[in-house]
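Notes for the one structure printed next.
The values are calculated or read from the model by the stated rules, or taken from the named source; none is laboratory data. Just so it is clear, the structure is predicted and the values come from calculations on it, not from any experiment. Cβ atoms come from the backbone with ideal geometry, glycine included; neighbour counts cover every protein chain shown.
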Amino acid sequence: MRVRSQAQRIPVVEGFAWATAALAGRRPRLGPLRAGVAAGRFQHSEWTALLGRFVQDGAVDYHNMVRVRRLVEVYLQRLADTDPETFIDTDDQLAFYLNAFNAIAIHQVLIAYPLATIREQPSALLRSYPVGRRNVSLHTLHGNILRAFGDPRVHLAICNTARGSAAIMPYAYTGATLQTELDAAARRFLADEARGVRWEAATRTLVVSPILAWFGGDFARPYAMPQASNLLVGWADRRRVLQVLMPWLPPPVQAALSNDPRIKVARFDWSLNDRDSRESARALLA
């Protein structure tokens, strides 16, 4: 969970841009929650096919995926031409926007690959894309639209192509199974010691992802999402955030939390979730 250089740290201006995005624009009009009963109106089969082909163990084979960039753009065009506010199920709407975020992030890498981090792509997180018949950026999608659904698990289900974010899965989210997928995403992230929460017994310290500090208020107060005031809660009361996350935490971390451990926030790893770089590292260790 450590970054490799000072340049990988989030600058103040980027944090300000995200906070501004959380307040800007019109949030989506949400349909009724039907727990997946009527979900699945919009099909993400081509995105699932691409992810299944190029994603393995949370890493993306950008080296080969860049050859089929046009297929990603065809999918993005479908997202642009579709109005998710006509969907009859909130789960279907949320799946639509989760997939849009992940697809845009990957596309930003593909158009400038090879990269060591998405932050080498100028304004990658601020560049506008047409999604759902409106123009949004990754910052706006995350801060203004996804948070409007009032489900903090979204923070553990999106991947901005950094190794510090949630691992991308080899399938698209779908409305019919979204609740199960979001639960799995939360458990997977929190159990991943390199990304989520790590127990250091020698120092009696829980080292937690900065995501749980940046957006911890959404877990502690989901009823207040997407209020900007929530962004301060995760820093002010980290223990409360972890208590709320208890149902998704692995048993060793649950046990450690009950013994009043020290809690430390890790530094975010912005290095690219590139399968090529992972394979290169494995070769050096072999």
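When you look at Leu76, is it of a type in the set (A, V, I, L, M, F, W, C), part of a loop (DSSP other than H, G, I, E, B) and under 18 Å from Asn160 (Cα atoms), yes or no? Working first, answer last.
Working: of a type in the set (A, V, I, L, M, F, W, C): yes; part of a loop (DSSP other than H, G, I, E, B): no; under 18 Å from Asn160 (Cα atoms): yes.
It is false that Leu76 is of a type in the set (A, V, I, L, M, F, W, C), part of a loop (DSSP other than H, G, I, E, B) and under 18 Å from Asn160 (Cα atoms).
Residues to consider are Ile158, Ile211; find the one that is in contact with a Phe, Trp or Tyr (Cβ under 9 Å, 6 or more places away or on another chain), under 21 Å from Val131 (Cα atoms) and touching a residue at least 12 places away in the same chain (Cβ under 8 Å).
Numbers: Ile211 fails: under 21 Å from Val131 (Cα atoms).
None of the others qualify; the one that does is Ile158.
Quick check, is Asp218 modelled with pLDDT of 95 or more and either among the acidic types (Asp, Glu) or touching a Leu at 6+ places or on another chain (Cβ under 7 Å) (or both)?
On the way: modelled with pLDDT of 95 or more: no; either among the acidic types (Asp, Glu) or touching a Leu at 6+ places or on another chain (Cβ under 7 Å) (or both): yes.
Answer is no for this residue.
Check the range 57-80 and report whether any residue there is touching a Gly at 6+ places or on another chain (Cβ under 9 Å) and surrounded by fewer than 19 Cβ atoms within 10 Å (Cβ to Cβ). Quick ask: steps written out before the conclusion?
To start, the set of residues in the range 57-80 that are touching a Gly at 6+ places or on another chain (Cβ under 9 Å) comprises 79-80.
Among the residues that remain, those that are also surrounded by fewer than 19 Cβ atoms within 10 Å (Cβ to Cβ) are: 80.
Scanning the range 57-80, I find at least one residue that is touching a Gly at 6+ places or on another chain (Cβ under 9 Å) and surrounded by fewer than 19 Cβ atoms within 10 Å (Cβ to Cβ), so the answer is yes.
Which residues, taken from the range 153-184, are closer than 18 Å to Leu50 by Cβ and part of a helix (DSSP H, G or I)?
Residue satisfying the conditions is Glu181 alone.
How many of the residues in the range 54-72 are of a type outside the set (A, V, I, L, M) and more than 20 Å from the chain's Cα centre (by Cα)? Don't jump to the end; show me each part of the working.
Residues of the range 54-72 that are of a type outside the set (A, V, I, L, M), as a first pass: 54, 56-58, 61-64, 67, 69-70.
Now drop any that are not more than 20 Å from the chain's Cα centre (by Cα), which leaves 63-64, 67, 69-70.
Qualifying residue count for the region: 5.
Could you tell me whether the range 128-139 includes any residue that is more than 27 Å from Trp270 (Cα to Cα), of a type outside the set (A, V, I, L, M, F, W, C) and loosely packed, with under 15 Cβ neighbours inside 10 Å?
Within the range 128-139, one or more residues are more than 27 Å from Trp270 (Cα to Cα), of a type outside the set (A, V, I, L, M, F, W, C) and loosely packed, with under 15 Cβ neighbours inside 10 Å.
Scan the range 224-241 and tell me whether some residue there is surrounded by 14 or more Cβ atoms within 10 Å (Cβ to Cβ), charged (D, E, K, R) and at pLDDT 95 or above.
no
So is Ser128 hydroxyl-bearing (Ser, Thr, Tyr) and under 14 Å from the mean Cα position of the chain (by Cα) or not?
Values: hydroxyl-bearing (Ser, Thr, Tyr): yes; under 14 Å from the mean Cα position of the chain (by Cα): no.
No: the conditions fail for Ser128.
Would you check if there is a residue in the range 58-67 being more than 16 Å from Cys159 (Cβ to Cβ), free of Cβ contacts under 8 Å to residues at least 60 places away in the same chain, in a helix (DSSP H, G or I) and touching a helix residue (DSSP H, G or I) at 6+ places or on another chain (Cβ under 9 Å)? Break it down stepwise before answering.
Within the range 58-67, the subset more than 16 Å from Cys159 (Cβ to Cβ) is 63-64, 66-67.
Narrowing further to those that are free of Cβ contacts under 8 Å to residues at least 60 places away in the same chain: 64, 66-67.
Remaining after also requiring in a helix (DSSP H, G or I): 64, 66-67.
Now drop any that are not touching a helix residue (DSSP H, G or I) at 6+ places or on another chain (Cβ under 9 Å), which leaves 64, 66.
Taking every residue of the range 58-67 in turn, at least one turns out to be more than 16 Å from Cys159 (Cβ to Cβ), free of Cβ contacts under 8 Å to residues at least 60 places away in the same chain, in a helix (DSSP H, G or I) and touching a helix residue (DSSP H, G or I) at 6+ places or on another chain (Cβ under 9 Å).
Which one is nearest to Tyr173 (Cα to Cα), of the residues in the range 79-137 that are of a type in the set (S, T, N, Q) and touching a residue at least 24 places away in the same chain (Cβ under 8 Å)?
So the residue we want is Asn99.
So, Arg187, is that one assigned to a helix (DSSP H, G or I) and either of a type in the set (A, V, I, L, M, F, W, C) or at pLDDT 90 or above (or both) or not?
Working: assigned to a helix (DSSP H, G or I): yes; either of a type in the set (A, V, I, L, M, F, W, C) or at pLDDT 90 or above (or both): yes.
When the stated conditions are applied, Arg187 passes them.
For the range 91-110, indicate whether the set of residues that are within 23 Å of Arg29 (Cα to Cα) and surrounded by fewer than 20 Cβ atoms within 10 Å (Cβ to Cβ) is non-empty.
To start, the set of residues in the range 91-110 that are within 23 Å of Arg29 (Cα to Cα) comprises 91-104.
Those still in the list that are surrounded by fewer than 20 Cβ atoms within 10 Å (Cβ to Cβ) too: none.
The answer is no; no qualifying residue exists.
Would you please list the contacts, defined by Cβ atoms under 9 Å and residues six or more apart or on different chains, that run from a residue in the range 256-285 that is of a type in the set (Phe, Trp, Tyr) to a residue that is in a helix (DSSP H, G or I) and at pLDDT below 65?
Phe268/Gln8; Trp270/Ala7; Trp270/Gln8
Kindly establish whether Leu206 is touching a helix residue (DSSP H, G or I) at 6+ places or on another chain (Cβ under 8 Å) and without any contact (Cβ under 8 Å) to a residue 24 or more places away in the chain. Talk me through it step by step, then tell me what you get.
Working: touching a helix residue (DSSP H, G or I) at 6+ places or on another chain (Cβ under 8 Å): yes; without any contact (Cβ under 8 Å) to a residue 24 or more places away in the chain: no.
In short, no.
Would you check which residues across the range 101-151 are part of a helix (DSSP H, G or I) and among the aromatic types (Phe, Trp, Tyr) and list them? It would help to see each step written out before you state the result.
The initial filter retains those residues of the range 101-151 that are part of a helix (DSSP H, G or I), namely 101-110, 118-120, 138-149.
Phe101, Phe149 - these are the residues of the range 101-151 that are part of a helix (DSSP H, G or I) and among the aromatic types (Phe, Trp, Tyr).
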